[in-house]
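Each remark here refers to the structure printed beneath this line.
The values are calculated or read from the model by the stated rules, or taken from the named source; none is laboratory data. All values derive from a computational prediction rather than experimental measurement. Note: ideal-geometry Cβ built from the backbone for every residue, glycine included; neighbour counts use all protein chains shown. The accessibility values were calculated without ligands, DNA or RNA, using every heavy atom of the protein model including side chains. Shrake-Rupley method; radii C 1.70, N 1.55, O 1.52, S 1.80 Å.
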Amino acid sequence: MFSNAGKAIDSAVRASALLAFVAALLILLTHWAVRRRSLQPFGWWPRFVRKWSDPFVRPIERSVASRGGNPQDAPLWLLGVVLVLGLLAISAVRWVTGAVAVFDSMRHAGLRAWLHLTVVAASSLLLFAIIVRVIGSWLGAGRYNRWIRPAYLLTDWIIEPLRRRLPSFGPIDLSPFVAYILILVLRGLLLGVL
């Protein structure tokens, strides 16, 4: 029964994400056509699009302008934000429904299966935290960013000792990559023992 509900929720989230993406794409294309003078700025279509899109585009324009960017790029940023949020929503729903299905199937499992699941879940969480940490550092969100701080807290125990022991490669830090590989190897060894 839950499988059908999970599929329905997944379908609804995917449809909503696709609809939001298409709407953001229409906003982008309309703004682009107005800038290229293919559409008159006060024609019925641009006015219609502006009427329902301004609550979304205006805050992005202000944010882009405050950071020194061109406010005309706001529709492109909106499209990117909608795309990323849609993918995150789809991934989150699939993760939750998958986790519920796994726990439902594990109801009558033995200790060995629970240990196997624990090793896989813990190592997957660490691998994900390493990826978040690396992407956050690329985007300038470091250790003290409130959204990235949990990734540092989860992974400092393995990355920091590696960073001190690895030779310097200039601006390239290979310690997250080595930590990622070590966690994969450790997971394989533990699952082999279980």
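Could you check how many residues of segment 30-47 are part of a helix (DSSP H, G or I), open to solvent by 100 Å² or more (accessible area, probe 1.4 Å) and in contact with a helix residue (DSSP H, G or I) (Cβ under 9 Å, 6 or more places away or on another chain)? Qualifying residue count for the region: 2.
Any chance segment 2-9 includes a residue that's touching a residue at least 24 places away in the same chain (Cβ under 8 Å) and either on the phi > 0 side of the Ramachandran plot or polar (S, T, N, Q) (or both)? Yes, segment 2-9 contains a residue that is touching a residue at least 24 places away in the same chain (Cβ under 8 Å) and either on the phi > 0 side of the Ramachandran plot or polar (S, T, N, Q) (or both).
Quick one: is Arg58 open to solvent by 80 Å² or more (accessible area, probe 1.4 Å) and either free of Cβ contacts under 8 Å to residues at least 12 places away in the same chain or of a type in the set (D, E, K, R) (or both)? Talk me through it step by step, then tell me what you get.
On the way: open to solvent by 80 Å² or more (accessible area, probe 1.4 Å): yes; either free of Cβ contacts under 8 Å to residues at least 12 places away in the same chain or of a type in the set (D, E, K, R) (or both): yes.
In short, yes.
Residue pairs whose Cβ atoms lie under 9 Å apart, separated by 6 or more positions or on different chains, with the first residue in segment 126-145 and under 13 Å from Pro176 (Cα atoms) and the second loosely packed, with under 13 Cβ neighbours inside 10 Å and not aliphatic (A, V, I, L, M), are Ala129/Pro150; Val132/Trp147; Val132/Pro150; Gly136/Gly142; Gly136/Trp147. Please enumerate the residues belonging to segment 35-57 that are of a type in the set (A, V, I, L, M) and under 17 Å from Leu78 (Cα atoms). Answer for segment 35-57, where residues must be of a type in the set (A, V, I, L, M) and under 17 Å from Leu78 (Cα atoms): Val49, Val57.
Pairs linking a residue in segment 10-36 that is aromatic (Phe, Trp, Tyr) to a residue that is part of a helix (DSSP H, G or I), with Cβ atoms under 7 Å and 6 or more positions apart or on different chains, are Phe21/Val82; Phe21/Leu83; Phe21/Gly86.
Would a scan of segment 149-156 turn up a residue that is closer than 26 Å to Val96 by Cβ, in contact with a Ser or Thr (Cβ under 6 Å, 6 or more places away or on another chain) and not polar (S, T, N, Q)?
Taking segment 149-156 and keeping what is closer than 26 Å to Val96 by Cβ, we get 149-155.
Within this subset, residues satisfying the condition of being in contact with a Ser or Thr (Cβ under 6 Å, 6 or more places away or on another chain) are none.
No, segment 149-156 contains no residue that is closer than 26 Å to Val96 by Cβ, in contact with a Ser or Thr (Cβ under 6 Å, 6 or more places away or on another chain) and not polar (S, T, N, Q).
Whether any residue in segment 7-26 is of a type in the set (S, T, N, Q) and open to solvent by less than 40 Å² (accessible area, probe 1.4 Å) is what I want to check. Taking every residue of segment 7-26 in turn, none turns out to be of a type in the set (S, T, N, Q) and open to solvent by less than 40 Å² (accessible area, probe 1.4 Å).
For Arg67, indicate whether it is over 25 Å from the mean Cα position of the chain (by Cα) and at pLDDT below 90. Write out each step before concluding.
Details: over 25 Å from the mean Cα position of the chain (by Cα): no; at pLDDT below 90: yes.
Here the answer is no, as Arg67 does not meet what is asked.
Considering segment 72-175, the qualifying helices (runs of 4 or more DSSP H), each wholly inside and each with 1 or more residues that are at pLDDT below 90, open to solvent by 60 Å² or more (accessible area, probe 1.4 Å) and more than 30 Å from Val34 (Cβ to Cβ), run over 74-105, 111-138.
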